[in-house]
Amino acid sequence: MTIDQFNFAGKKVFVRVDFNVPLDENFNITDDNRMRAALPTLKKILADGGSVIIGSHLGRPKGPADKFSLKHILKHLSDLLGVEVQFANDCMGEEAAVKAAALQPGEVLLLENLRFYAEEEGKPRGLAEDATDEEKAAAKKAVKESQKEFTKKLASYADCYVNDAFGTAHRAHASTALIAKYFDKDHKMFGYLMEKEVKAVDKVLNDIKRPFTAIMGGSKVSSKIEIIENLLSKVDSLIIAGGMTYTFTKAMGGKIGISICEDDKLDLALDLVKKAKEKGVNLVLTVDAKIADSFSNDANTKFCPVDEIPDGWEGLDIGPKTEEIFADVIKKSKTILWNGPTGVFEFDNFTHGSRAVGKAIVEATKNGAFSLVGGGDSVACVNKFGLASGVSYVSTGGGALLEAIEGKILPGIAAINE
Ligand code: AMP
């Protein structure tokens, strides 16, 4: 079932959203993008004449805590929806059930933070540090048992289940995956945001228009190994940038000064180079770097070949030659995936490379390429540089997107498709 096909008139709908928004010390929302991203789904249900029960998590509470209460976002949600949203102080208690049962078409109920209950994640809490393996196993078994009741109760509030929380799609939690089994195929579906995310991932993993270029940046190769391995059997070109560059350079015998490097991953880097060759992938590595004499925006800087970095200096961004090489490959591509900055983009003096990559992606997109940016800091990059509207899709999912491009099946997606 798709959300567009379904008429929600007279139905109560449990919508799992990701309203895990950042709050300042006075509980003001500092970035409401995640809330805005769910509005099309919520508005469609209300416009059809359905009523909505919203479930979300906020932060990582270890139990009920005012700091993590979703009541802090209630007013803003009401403003965004143009509807006075009701609130249940506890997602499980009598109050939630009564309020859900009394909902009329066009009304909205926000449940308190689902993670106030350990059952949401299905992980035991409060175990003593010196707990034995047996005690740990027993606690795990107990929480898995009570998780069934918890999930069933959440499901009992509604006639339909809509998952619009891509940010948690890689977690098999009660409200993101397990709840789906209480609804038949015709009464569970993705929200619009999930639909867009799933389609975007499909375009870079399955429905590929060639040439396909992936740009992998960020700090460490160790956190990207599985992605790189999965992409090697899909891409035509793989651009390696960011901090992980120096592990490759050192592995190939270059001098990297004090650049960030994972010495225990040198063999792995060489192995990835070998695999790329075997698979006929054009592996595009950095040739020159913008180097600094300290890890600071105000450091002295100069450009040099990436394998001739003097002692005491470190590479904090790519150099102009590399920018040109990367841009050339990117502009010829028809499918582009960008994950991770080319340098320490948080320092204004080391943003040039990431900006150049972003601009090349925008140009390729203008020429008909499909471009997906996601998985953490590259999203911050395109936003910082004002380039977000020029790419095809900016993912809202950090870890979820990374796991999807690692080739893993996401429980939140599987639960709807089953
Ligand atoms: P990741 O979370 O793995 O995508 O890494 C993003 C982080 O990598 C950002 O905070 C960047 O500042 C950092 N980064 C990128 N290039 C470098 C570099 N050459 N040296 C140190 N950190 C870097």
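The values are calculated or read from the model by the stated rules, or taken from the named source; none is laboratory data. Since the structure is predicted, the reported quantities are computational estimates derived from the model, not experimental observations. Reconstructed Cβ throughout: ideal geometry from the backbone, glycine too, with neighbour counts over all protein chains shown. Just the protein is used for accessible areas: all its heavy atoms, side chains included, with ligands, DNA and RNA removed. Shrake-Rupley method; radii C 1.70, N 1.55, O 1.52, S 1.80 Å.
A269 - would you say it is open to solvent by less than 40 Å² (accessible area, probe 1.4 Å) and either over 27 Å from the mean Cα position of the chain (by Cα) or within 16 Å of the ligand (Cβ to nearest atom) (or both)? For A269, the condition - open to solvent by less than 40 Å² (accessible area, probe 1.4 Å) and either over 27 Å from the mean Cα position of the chain (by Cα) or within 16 Å of the ligand (Cβ to nearest atom) (or both) - is met. Remark: pairs (first residue in the range 344-359, assigned to a helix (DSSP H, G or I); second residue within 10 Å of the ligand (Cβ to nearest atom) and open to solvent by 20 Å² or more (accessible area, probe 1.4 Å); Cβ separation under 7 Å; 6+ apart in sequence or on different chains) = F350/K290; F350/V344. The residue list R34, R16 contains one member that is open to solvent by 50 Å² or more (accessible area, probe 1.4 Å) and under 17 Å from T176 (Cα atoms), which is R34. Please give the helices (runs of 4 or more DSSP H) falling wholly within the range 21-139 in which 1 or more residues are at pLDDT 95 or above and over 25 Å from the mean Cα position of the chain (by Cα). Passing ranges, in order: 33-48, 74-81, 94-102. Does T342 qualify as being of a type outside the set (K, R), open to solvent by less than 10 Å² (accessible area, probe 1.4 Å), away from the ligand (no atom under 12 Å from the Cβ) and at pLDDT 95 or above? For T342, the condition - of a type outside the set (K, R), open to solvent by less than 10 Å² (accessible area, probe 1.4 Å), away from the ligand (no atom under 12 Å from the Cβ) and at pLDDT 95 or above - is not met.
Tell me whether the range 254-264 contains one or more residues that are surrounded by fewer than 18 Cβ atoms within 10 Å (Cβ to Cβ) and either farther than 20 Å from P320 by Cα or within 12 Å of the ligand (Cβ to nearest atom) (or both). Yes. You will find that of V329, V362, the residue that is part of a helix (DSSP H, G or I), over 21 Å from T245 (Cβ atoms), among the hydrophobic types (A, V, I, L, M, F, W, C) and modelled with pLDDT of 95 or more is V362 and no other.
How many of the residues in the range 69-125 are basic (K, R) and either surrounded by 21 or more Cβ atoms within 10 Å (Cβ to Cβ) or without any contact (Cβ under 8 Å) to a residue 40 or more places away in the chain (or both)? Result for the range 69-125: 4. Contact annotation: residue pairs with Cβ atoms under 9 Å, 6 or more positions apart or on different chains, pairing a residue in the range 284-302 that is farther than 22 Å from F248 by Cβ with a partner that is part of a loop (DSSP other than H, G, I, E, B) and within 11 Å of the ligand (Cβ to nearest atom), are S296/F347; N297/V344; N297/E346; N297/F347; D298/F347; A299/F347. Just so you know, in the range 233-246 the residues that are surrounded by fewer than 24 Cβ atoms within 10 Å (Cβ to Cβ) and over 17 Å from L372 (Cα atoms) include one that is nearest to the ligand (Cβ to nearest atom), and it is G243.
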